[in-house]
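The values are calculated or read from the model by the stated rules, or taken from the named source; none is laboratory data. Keep in mind the model is a prediction, meaning the values are calculated, not measured. With ideal geometry, Cβ positions are generated from the backbone for all residues, glycine too; neighbour counts draw on all protein chains shown. Side chains are part of the model used for accessible areas, which takes the heavy atoms of the whole protein and leaves out ligands, DNA and RNA. Shrake-Rupley method; radii C 1.70, N 1.55, O 1.52, S 1.80 Å.
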Amino acid sequence: MDKYQVLKKFFGYDSFRQGQETIIDALSDGRDVFGIMPTGAGKSLCYQVPALMLEGITLVVSPLISLMKDQVGALNAAGVHAAFLNSSLSAGQYRKALELARAGRYKIIYVAPERLLLPEFLEFARHSCISMVTVDEAHCVSQWGQDFRPGYLKIAEFIRALPMRPAVGAFTATATREVREDILAALQLESPVTVATGFDRENLFYKVSAGTEKFAEVMAYLRAHPTESGIIYCLTRKTVEEVCERLRQNGILATRYHAGLSDGERRQNQDDFLYDASPVMVATNAFGMGIDKSNVRFVIHYNMPQNIESYYQEAGRAGRDGEAANCILLYAPQDVVMNQFLIERETEHDVLTKEEQKLVKERDKERLKQMAFYCTTNACLREFVLRYFGEYTTNYCGKCSNCLTEFEEIDVTETVQAIAACVKGCGQRFGMTVIVDTLRGSQSAKLKQNGMAGNACFGTLREVPAYRIRQVMQYAIRQGWLRVTEETYPVVRLTEQSHEVFDKAPIFMKAAKEQEKKSGSARSGRSGKKQHAQPYADVDYALFEELRKLRLQIAREEQIPPYIVFSDKSLRDMSARKPQNASDFLKVNGVGEQKCKKYAELFLARIREQTKKSL
Ligand code: ADP
Ligand code: MG
């Protein structure tokens with residue numbers, strides 16, 4: 001079978017995506033490969049297709065049990081013999097699986113890194129034909145990353161222990177230079193064919209909202225998208241608990257996930273989410289690695305995360321199926337303070353020296369600053385992120401809240417001068433909140449206490465709304481006219497360029513048009529609707545809902561997640577094509593031979609029924 005036949009027969013797809021073919025050709029030629037592609041780009045297929053074409057067995061090193069389970073489930077559903085070997089198996093199950101592996105039962109075996117050098121496994125590997133070793137989530141080898149996994153450092157040793165060196169493939173979605181270098185060195189890749197596809201995820205819509213009513217905004221979104229599954233990320237366990245509880249009180253099928261729950265509850269809640277029993281997951285960043293659920297339609301950040309890397313990774317869990325999905329970040333200035341605090345408190349990594357730890361902290365603070373800039377910028381959000389990762393694109397994507405907001409240039413000369421004067425007037429001792437309150441002439445006890453109530457700047461911007469003062473202050477920081485210190489309680493200070501505020505007048509700033517602000521949801525409303533202007537003209541949405549029900553029913557019977565039966569994309573394609581027989585059915589995106597055999601009859605019947613009903 002050639003690669004196109006494999007693609008169609010097992011996975012049901014007609015064409016490869018960007019980067020996939022180059023990688024597949026190299027691996028099937030026995031060459032090493034380094035694939036750097038964003039989440040959802042289709043990295044698994046890059047090694048699964050050659051695995052099915054090569055003689056012998058492919059080993060896939062993977063960091064998480066849930067990831068392995070998911071992938072192996074999907075492969076078996078597609079008619080590929082695959083298995084996983086990890087600590088979720090009992091001793092008996094493990095031995096049995098190894099026995100079957102020795103007998104050549106599996107083409108693809110997923111294995112946890114710690115297992116590679118155990119005598120029993122090594123013995124098996126040394127006496128089998130291992131044609132390829134794939135390292136998934138290869139950034140786990142890097143001590144610079146958050147997902148460092150010591151077991152990954154053993155992979156190279158394992159490969160050396162094999163009688164014949166197999167082709168080695170490494171895959172990751174993390175692109176920073178340090179991590180790349182670590183991967184190349186630690187895995188000892190031999191002149192790998194390197195493929196780095198663009199980082200843009202075209203199907204994702206990005207939005208930042210600085211509205212003050214976060215919970216109301218979430219509820220409004222969920223009410224407008226009642227059938228969708230998504231993740232709501234919060235910064236702390238406590239917020240997870242609160243938000244999840246309130247959602248439930250409001251009748252939303254939500255579940256929760258954070259490191260403070262028992263293993264059992266976490267597993268249960270994760271399954272409820274995967275199986276769409278609780279389509280909304282409220283979680284800390286402990287949730288997500290290894291979640292390959294393809295029909296996540298939105299990722300809402302209830303708080304600003306710590307850096308753009310995390311944000312892009314977490315938001316990237318939306319829309320893996322390539323269908324439109326929304327990534328919404330609800331920003332509040334306190335999020336910055338909370339993150340500062342978390343960075344200070346970060347637990348010490350015993351692998352790093354004191355010096356290195358200091359460096360890591362400094363770097364974390366710098367990254368936090370960039371994250372805050374993302375939340376306050378008026379420029380294209382997509383471009384901001386891509387530029388952060390070193391890619392240069394146009395400054396208009398048309399698919400983010402900033403590109404869809406109408407802006408106007410407003411004169412902020414007086415505001416910015418008053419702010420600078422206030423920073424100076426208070427002796428550069430206070431944070432943003434005190435400065436805003438002072439300028440607004442607030443009657444708070446705190447101002448009286450710290451003497452600001454009697455300051456010359458008190459009340460000079462009484463007429464300007466607080467959000468605008470903050471906006472202008474952020475703008476001044478971005479311009480380098482002011483800076484914020486990196487302490488637990490950050491303080492606003494002057495810089496060497498502060499005088500420009502007075503030299504450069506008049507000063508204009510881009511801001512969202514006023515009438516939009518008044519309409520309540522800040523710069524939200526319009527953009528959301530646009531996104532959901534149905535991009536699939538031919539899809540019969542009533543049929544789509546019917547097919548979703550059928551999918552859920554099958555998933556429950558077979559005890560597999562619904563998206564493993566069929567992706568949203570497959571169902572949508574089905575609802576547009578309305579296949580009448582098995583050969584039509586095979587043409588649907590994501591329908592391979594195995595799934596056609598198994599499900600064609602059920603789905604065709606449902607399509608027929610529904611078509612009759614609507615006549
Ligand atoms: P990654 O590991 O890069 O994050 P996955 O391997 O999980 O991404 O793939 C994401 C989704 O894309 C899966 O649902 C997969 O079936 C789908 N996919 C991969 N390659 C193709 C292709 N060539 N055509 C259509 N869908 C694809
Ligand atoms: Mg993957």
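List of remarks:
- Point-to-point label distance, Ala466-Glu213, nm (Cα→Cβ direction, 7 Å offset): 1.6 nm
- Charge sum, other residues only, whose C-beta stays under 14 Å from Ile183's C-beta, Lys/Arg counted +1 and Asp/Glu -1: -4
- Excluding ligands, DNA and RNA, the accessible surface per residue across the chain is 45 Å² with a 1.4 Å probe.
- Computed in the context of the full set of protein chains, the accessible area of the stretch 3-196 at 1.4 Å probe radius has 51% of its extent on carbon or sulfur.
- C-alpha long axis of helix 466-478 to longest principal axis of the chain, angle in °: 70 degrees
- The sum of -39500 (n - 2.57) across all DSSP H runs of n ≥ 4, divided by the residue count of the chain, sets its helix-only mean residue ellipticity at 222 nm to -13000 deg cm²/dmol.
- Kirkwood Rh and Cα Rg combined as Rg/Rh, the stretch 204-388: 0.97
- For the stretch 3-196, the relative contact order comes to 31 percent (Cα pairs under 8 Å, sequence separation of at least 6).
- Inter-label distance, nm, simple model (7 Å from Cα along the C-beta direction), Glu557/Thr393: 4.2 nm
- Reach of Lys504 by Cα under 21 Å, taken over lysines that are not fewer than 8 positions away in the same chain: Lys424
- Distance between the 7 Å Cα→Cβ label points at Thr485 and Glu362: 1.8 nm.
- Put Cys129, Cys596 in order of accessible area, highest first, and with a 1.4 Å probe you get Cys129, Cys596.
- The angle between the Cα long axis of helix 413-425 and the main principal axis of the chain comes to about 80°, on a 0 to 90 degree scale.
- Global geometry of the stretch 308-432, whether rounded, prolate or oblate, following the gyration tensor of its Cα atoms and the 1.5 cut on a/c: oblate
- Within straight-line reach of Lys361, meaning a Cα separation under 25 Å, sit the following lysines at least 8 residues removed in sequence or on another chain: Lys238, Lys369.
- Lysines with Cα under 22 Å of Lys43, excluding same-chain neighbours fewer than 8 positions away: Lys3, Lys8, Lys9, Lys69, Lys107, Lys293, Lys569, Lys595
- Part-to-part distance (alpha-carbon centres) for the stretch 452-497 and the stretch 581-615, which is given in Å: 61 Å
- Three-way shape call for the chain based on the alpha-carbon gyration tensor, with the a/c threshold at 1.5: prolate
- Note on Ile159: accessible area approximately 10 square angstrom, rounded to 10, probe 1.4 Å, nucleic acids and ligands left out.
- Cβ-derived FRET efficiency at R0 35 Å, Glu355 paired with Phe407, nearest 0.05: 0.20
- Highest mean packing comes first when the peptides 101-114, 484-497 are listed by Cβ atoms within 10 Å, giving 101-114, 484-497.
- Ratio Rg/Rh, restricted to the stretch 3-196 and using Cα atoms, in which Rh is the Kirkwood radius: 0.93
- Using only side-chain charges placed at the Cβ, +1 for Lys and Arg and -1 for Asp and Glu, the dipole size of the stretch 407-512 relative to its Cα centre rounds to 380 debye.
- Seen from Ala453, the other residues with C-beta closer than 14 Å to its C-beta sum to a net charge of +3, counting Lys and Arg as +1 and Asp and Glu as -1.
- Translational diffusion of the stretch 360-416, µm² s⁻¹ [Kirkwood Rh, Cα pairs; Stokes-Einstein; 25 °C; 0.890 mPa s]: 188 µm²/s
- Farthest toward positive dipole pole in the chain [+1 Lys/Arg, -1 Asp/Glu at C-beta], among Thr376, His499, Ala185: Thr376
- For the chain, the Cβ-based charge dipole about the Cα centre amounts to some 1200 debye (Lys, Arg positive; Asp, Glu negative; other atoms uncharged).
- Taking the longest Cα principal axis of the chain as reference, the axis of helix 65-77 is set at about 50 degrees.
- Each distinct pair of alpha carbons in the stretch 407-512 adds a 1/r term; the inverse of their mean, the Kirkwood radius, is 13.7 Å.
- Three-way shape label, the stretch 294-371, alpha-carbon gyration tensor, a/c 1.5: prolate
- Entry note, the chain: relative contact order of 14 percent, from Cα contacts under 8 Å with a spacing of 6+ residues.
- The stretch 249-323 - percent relative contact order, Cα under 8 Å, separation 6 or more: 29 percent
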